[in-house]
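Written out below as structure tokens is the structure these notes cover.
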Amino acid sequence: MVGLQSRWRYLLMFLGIQLVVMALLSREGYHKRVTYFIRIFRKPDLTSSEHHNRTAVTVAAGDVYANLFNLSKSHSHGDNMPYCPETSPLIGGPIHVSFPSGLTLAEVQRKNPLVIRGGRYRPPNCEARHKTAIIIPHRNREHHLKFLLYYLHPFLQRQQLSYGIYVIHQAGNYTFNRAKLMNVGFREAMREEDWDCLFFHDVDLIPEDDRNLYTCDANPKHAAIAMDKFGYKLPYKMYFGGVSALSPLHYLKMNGFPNNYWGWGGEDDDIGIRVSLAGMYITRPSLKTGRYKMIKHKLDKGNDENPKRFNMLAKTRQTWKQDGMNTLEYEVVSRDYLPLYANITVNIGTETGLHPLPQSPHAKDEQKPAANASARR
Ligand code: BGN
């Protein structure tokens with residue numbers, strides 16, 4: 001009898017201590033952790049649809065996937081679908097961006113069931129008002145690409161866009177050329193579809209507010225106005241780097257981007273100058289919505305600062321009509337239509353022209369254009 005009583009006493013003391021600890025934690029602002037523990041002990045009494053609704057409500061603030069639960073595959077794309085509303089009802093504002101370890105492409109795929117091969121999407125229950133292609137120049141940044149895809153797919157779906165994602169991968173190890181890869185992306189995307197807007201997008205920039213619309217304006221748009229690395233401010237007035245949006249007409253009017261900036265820096269400034277030389281001006285979203293988080297990284301191998309950029313920039317006025325889309329040369333190595341994006345691998349040559357890449361273990365494949373590759377341009 002005595003033994004039983006003292007056992008009860010210990011149990012009560014133990015529970016009492018637990019309660020005090022939880023009260024303290026909660027007072028110290030550890031609400032999340034306390035709720036987490038409470039949830040563990042609560043009976044799992046939700047039906048799956050209730051669970052969906054509850055998830056939508058509790059994770060809504062900042063979760064880029066929150067507004068997409070109700071979209072279903074079942075809707076067919078008929079001829080008589082109504083246009084999507086001018087302002088998408090799925091837009092939610094600020095997005096919480098973090099980079100959890102362990103994210104896989106399979107998980108991104110699972111969370112985006114309506115995305116089809118080549119990274120294409122159309123809203124399931126209305127006709128999109130805009131068709132946007134995203135062009136991402138790329139080499140050795142698979143880790144960043146995974147996060148970008150994780151955030152970008154639902155971001156674009158919330159905006160009810162019809163869209164496609166093109167990753168333009170520079171083959172070989174020669175110095176990186178961001179602007180030339182953009183030119184390739186423009187041509188490759190436009191040969192597939194009549195896109196009305198192209199977003200030229202760095203792989204390491206994640207948009208943090210879905211009111212930053214991925215549609216084109218009457219003039220070229222610089223979307224990445226507020227990046228965390230610049231304290232969410234424009235670093236200088238003419239800055240045109242990171243993410244920009246041009247219609248095909250804008251692009252061709254300025255003869256595209258320069259092909260001859262090899263290595264880091266200056267090409268975005270050249271593009272900014274081209275905009276005004278072609279008689280256009282730069283528009284931007286507000287500082288509140290044009291926010292981006294940059295995935296931290298060291299300077300890339302094969303993308304050293306370009307020492308020639310200062311001289312080149314001084315001459316843009318003389319060179320822009322002789323260097324750009326009208327002089328673009330490249331070879332497509334492969335076109336792979338992957339579940340979350342189209343991966344277009346290209347040989348863009350070197351400063352001295354478009355000659356075969358140096359021997360590498362894959363040299364045979366790289367030199368022989370793939371079966372579906374286009375001929376030399
Ligand atoms: C600038 C670079 C840009 C770069 C931004 C932000 C040049 C040219 C010098 C006259 N421009 O300085 O290319 O995007 O910094 O990092 O280096």
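Here, each number is a calculation from the coordinates, and none is a lab measurement. Since the model is a prediction, treat every value here as computed from it, not as a measurement. Because the Cβ atoms are built from the backbone with ideal geometry, glycine has one as well, and the counts that use them run over all protein chains shown.
Every pair of different Cα atoms in region 55-376 enters the Kirkwood calculation, which places the hydrodynamic radius at 20.3 Å. When each of LYS233, LYS253, LYS321 is scored by the number of other beta-carbon atoms lying within 10 Å, the sequence from fewest to most is LYS233, LYS321, LYS253.
Restricting the calculation to alpha carbons of region 128-192 gives Rg and Dmax of 13.0, 40 angstrom. Spin-label model, ARG191 to TYR174: label points 7 Å out along the Cα-to-beta-carbon direction sit 1.9 nm apart.
This model, with +1 at the C-beta of Lys and Arg and -1 at the C-beta of Asp and Glu, gives region 55-376 a dipole about its Cα centre of some 300 debye. Along the charge dipole of region 55-376, pointing to its positive end and built from +1/-1 on Cβ of Lys, Arg, Asp and Glu, which listed residue (ASN326, ALA128, MET227) has its Cα farthest out? After comparing all options, I get MET227. Whole-Hz Karplus values for region 103-115 come out as 5, 10, 4, 4, 5, 4, 5, 4, 7, 10, x, 8, 7 Hz, taken residue by residue from phi with 6.51 cos²θ - 1.76 cosθ + 1.60 and θ = phi - 60°; glycine and proline positions read x.
Need the full-extension length gain, HIS355 to TYR232, defined as separation in residues times 0.36 nm minus the C-alpha distance. One decimal, nm.
Details: separation 123, 0.36 × 123 = 44.28 nm, distance 4.20 nm.
40.1 nm is the gain from fully extending HIS355 to TYR232.
Counting neighbouring Cβ atoms within 10 Å and putting the fewest first, the residues ILE165, ILE295, ILE206 line up as ILE295, ILE206, ILE165.
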